[in-house]
Amino acid sequence: MIIAYLYHDLLNLYGESGNIKMIDKILSDNKIKHKILYLSLNDELNFDDYDLVYIGSGTERNELIALENLKKYTKDIKKYIESGKHFFVTGNTLDLFGKTITDSKKISALSIFDYEVKHGDRKMHDVQVESHVTNKKIYGFINNMSDTNIEYNLFDYGFRIKNFIGTYIIGPILVRNPEFTKYYMNNLTGKKLKYDLKNEEKAYDRFTLRYKNGGTKQ
Amino acid sequence: MYMNGIIILLAKLSHKILHLTGKGSTFPGDFALKLNKNIFKHFKMTETVIFVTGTTGKTSVTGCLYEIYKHSNYKVACNIKGANLSGGVLTTLIDSSKLNGKSKVDVLILEVDERFVKVISKYITPNYLIINNLSRDQLARNGHHELVFEGINNSIKKETTLVINADDPLVNMFSLGKKNKIIYYGVSKNKYSTKNMTNSYDVCYCPICNSKLDFKYFNYGNLGYYTCPNNDYNRPKCDFEAVLKGDRVLIGNDNISIANDALYNVYNTLACYSLAISNGVDKNKVIDALNNLSMKVKRLNTFNYNGFETTMLLSKNETPISYNQSLNYISNQKGDKTVVIGYTRISGRYNMMDISWMYDVNFELLNRKEVKRIILIGSYAYDIATRLELAGIDKKKFKYVIDPEESFDFIFNNAYKNTKLYCVVYFDLNYKYLDILKKRGVKL
């Protein structure tokens, strides 16, 4: 399995390398051969070579730099997603895959999907949302200025179309949500994998307690 | 007009009373602001006003400059306890001014929180603005570092001389498109420099042409020597360049000692030297003050307990650059180690539970055989354990204690035999442990 971690040095704002670390660990634990390519602006991208493409979030400035770069590959990306290959995007980088982004002016995005994005006031808060694909809620954090009309079908802030999975939740979502991670990894590999996520599960349970008690100390 | 005088009088009185009761360093300012939100305008600035800002080192630089000016016989005031928001800055103004708003000092040094530079700059235009570094910090509150950058950048007026760290590619961006006088300082390649970046980049593309910057070396974090392949954005030639020699630095021909042999202290010292010399302070006095000061700077808290030589490394959650300094320090020490990591809450200031910052901290530094045991404290112990596992560290090394109340004794009962102990803890646990030590009569 070839994993392309795109813009690892440009869109790297909220510790999202944690997602790559987690995918790496689970594939290794299951002895699935894989290679992670760290790619960015200076690299030629060959979407035919990748089995998974991951992009994390970045500053608004860096987001637009990445958009310019990705526009060279719009056709390739469309074909890649159409063919059912895996794409995973976290945070405000989801902005890029809609039709337009309106900030001080309206600019056209990649138009992979139909949604539109407007930049408004910045939102920064914890989230705990029901999930349609796992028994447990998704925990995470929001930190962006994006208002969109995306129709979320996985959980609030998260959607899946074919094997493109995108969420506005920032950071290491696959570290924080072991149940979702199992769903994600089984889907990625097409296998029922073995998991040793004891610490992840204990950490998750602690968050459940904190949310229940409305405090940060529990 | 008289009203403002009365407000200041009341504020001054309140400070005297609070001082007697040992309370509050921002109350007088907060109080005066409440009575007149434009009270800042009442003050007439002295000849030299210096703002000190950045992600780390603000309080050290402010305190150090204060000592330099005092030693050089200037009348000087500063907000010395790190009270760096509007109320704290205003309190300093109240203390250092007469009732009519005239300053009683020659030099006013204000530590200003990086998010408040834009607020304070509405009322005060400093002669000098020191920006020591800028990196990702408390993102759950700040959004991200470029927003903080923009806030500062839009508030800089052309009269202000910028004193900036040339090694920081984000800080150097303050020089773009400005006609201000700029003084650059930087640190040459040294024993701490590394070839590769070990943390998440805040800036690694040219802000002008978007080409990837070439880094010849990194000093720490994103700081280092960078050039743009199109020469659009290079680390500038410095007005003041420090060269490390053992635990001392050479700046030009001047030889200055550095506290704790730590690179961040080199940058702090260099910032102060660059400013003071540029402002015309007597050179011998500056060197003299810096050398005396480094003797006085508080060493890290170390003590012996239960047979373990222990070092406390107060580490700020959510500020990877400062957290990494602690981990770097540990990995530079010789011998077998037990490392203690923990906190009871992520932030002392707000009630948010984002853990993404842990993945911008280079915990991989602890993945070495001399680290024999890692004790994890508090309800986030399993989040830390997960992070450490993902850094490749064997979880057999971990011991957990969830209840912070039990953690002190747990540490000393569970530390690995014949190791030195390093406690990487947040304010909450740091104070708790220092308190326990005091009660048990242990000398620091």
Study note, to complete from the structure: Listed by chain and number, the lysines with an alpha carbon less than 23 angstrom from that of residue B:12, same-chain partners under 8 positions apart left out, are B:23, B:34, B:37, B:41, B:44, B:70, B:75, B:81, B:98, B:102, B:104
Exercise for review: Set the Förster distance to 45 Å, then compute FRET efficiency between residue B:332 and residue A:106 from the Cβ-Cβ distance, nearest 0.05.
Suggested key: 0.30
**Study point:** Approximate spin-label separation residue B:98-residue A:72, in nm, with each point projected 7 Å along Cα-to-Cβ
**Key:** 6.7
Point to revise | 5 angstrom amide H check on residue B:167, placed H, neighbours 5+ away | key: B:187
**Study point:** Estimated distance in nm for a label pair at residue B:301 and residue B:13, the labels positioned 7 Å out from Cα along Cα-to-Cβ
**Key:** 3.9
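I need the GluC sites (Glu not before Pro) found in region A:108-175, filtered to DSSP loop residues with at most 13 other beta carbons within 10 Å of theirs. Numbers along the way, then the final one.
On the way: sites: A:116, A:130, A:151; in loops: A:130, A:151.
Passing sites in region A:108-175 are A:130, A:151.
Is the shape of region B:301-439 rounded, prolate or oblate, going by the alpha carbon gyration tensor and its root eigenvalues a ≥ b ≥ c, with a/c under 1.5 for rounded and a/b larger than b/c for prolate?
On the way: a/c = 1.45, a/b = 1.10, b/c = 1.32.
Rounded is the answer for region B:301-439, as its axis ratio a/c remains below 1.5.
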Review point. When the Karplus curve 6.51 cos²θ - 1.76 cosθ + 1.60 is applied with θ = phi - 60°, which whole-Hz ³J(HN,Hα) does each residue of region B:398-403 get, with x for Gly and Pro?
Key: 8, 10, 10, 9, 7, 7
Revision key, fill the gap. Computed ³J(HN,Hα) along region B:347-356: with the Karplus parameters 6.51/-1.76/1.60, θ = phi - 60°, integer Hz and x for glycine or proline, the list is 10, x, 9, 9, 9, 10, 10, 7, 9, 4
Revision key, fill the gap. Only helices counted: for chain B, with every DSSP H run of 4 or more residues adding -39500 (n - 2.57) and the sum spread over all residues, [θ] at 222 nm is -10000 deg cm²/dmol
Exercise for review: Please count, across region B:284-388, the pairs of lysine residues with Cα atoms under 26 Å apart that sit 8 or more places apart or on different chains.
Suggested key: 15
Practice item. Kindly write out, for region B:311-318 in residue order, the coupling ³J(HN,Hα) from the Karplus curve 6.51 cos²θ - 1.76 cosθ + 1.60 (θ = phi - 60°), rounded to whole Hz, with x marking Gly and Pro. Key: 10, 9, 10, 4, 10, 7, 4, 6
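So how much slack lies between residue B:285 and residue B:209, counting 0.36 nm per residue of separation and subtracting their Cα-Cα distance, in nm?
Numbers: separation 76, 0.36 × 76 = 27.36 nm, distance 4.39 nm.
Additional length available on full extension: 23.0 nm.
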Exercise for review: Return A:97, B:40 ranked ascending by Cβ neighbour count within 10 Å, so the fewest neighbours appear first.
Suggested key: B:40, A:97
Check your understanding: By average Cβ neighbour count within 10 Å, what is the ranking of B:242-254, A:165-177 from highest down?
Key -> A:165-177, B:242-254
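For chain B, which span is the longest to avoid every loop-located (per DSSP) member of GluC sites (Glu not before Pro) having at most 12 other Cβ atoms inside 10 Å? Please report the intermediate quantities before stating the final value.
Values: sites that count: B:47, B:159.
Result, exposed sites excluded: B:160-444.
What size of dipole, in debye to the nearest 20, comes out for region A:2-213 about its Cα centre when the only charges are +1 on Lys and Arg C-beta atoms and -1 on Asp and Glu C-beta atoms? Don't jump to the answer; show the numbers that get you there.
Numbers: 32 positive and 29 negative charges, 125 e Å.
Dipole size: approximately 600 debye.
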Revision key, fill the gap. Within 10 Å of the Cβ of an average residue in A:58-67, the count of other chain Cβ atoms is 3
Review point. What order do you get for B:368, A:61, B:373 when you list them from fewest to most C-beta neighbours inside 10 Å?
Key: B:368, A:61, B:373
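Would you calculate, for chain A, the mean residue ellipticity at 222 nm contributed by helices, counting each DSSP H stretch of 4 or more residues as -39,500 (n - 2.57) and dividing by all residues, to the nearest 500? Walk me through the numbers before you get to the answer.
Values: 6 runs with 66 residues, N = 218.
Using -39500 (n - 2.57) per qualifying helix, the result is -9000 deg cm²/dmol.
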Exercise for review: DSSP loop (so not H, G, I, E, B), at most 11 other Cβ within 10 Å: list which GluC sites (Glu not before Pro) in region A:1-98 pass both filters.
Suggested key: A:44
Study note, to complete from the structure: Per-residue Cβ contact counts at 10 Å, fewest first, order B:108, B:35, B:270 as B:35, B:270, B:108
Review point. Between residue B:248 and residue A:2, how many nm apart are label points set 7 Å from Cα along the C-beta direction?
Key: 5.7
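Read-outs: derived from the displayed coordinates by stated rules, not from any lab. For clarity, every value in this text was computed on a predicted model and none was experimentally measured. Every residue, glycine as well, gets a Cβ built from its backbone with ideal geometry; the counts of neighbours run over all protein chains shown.
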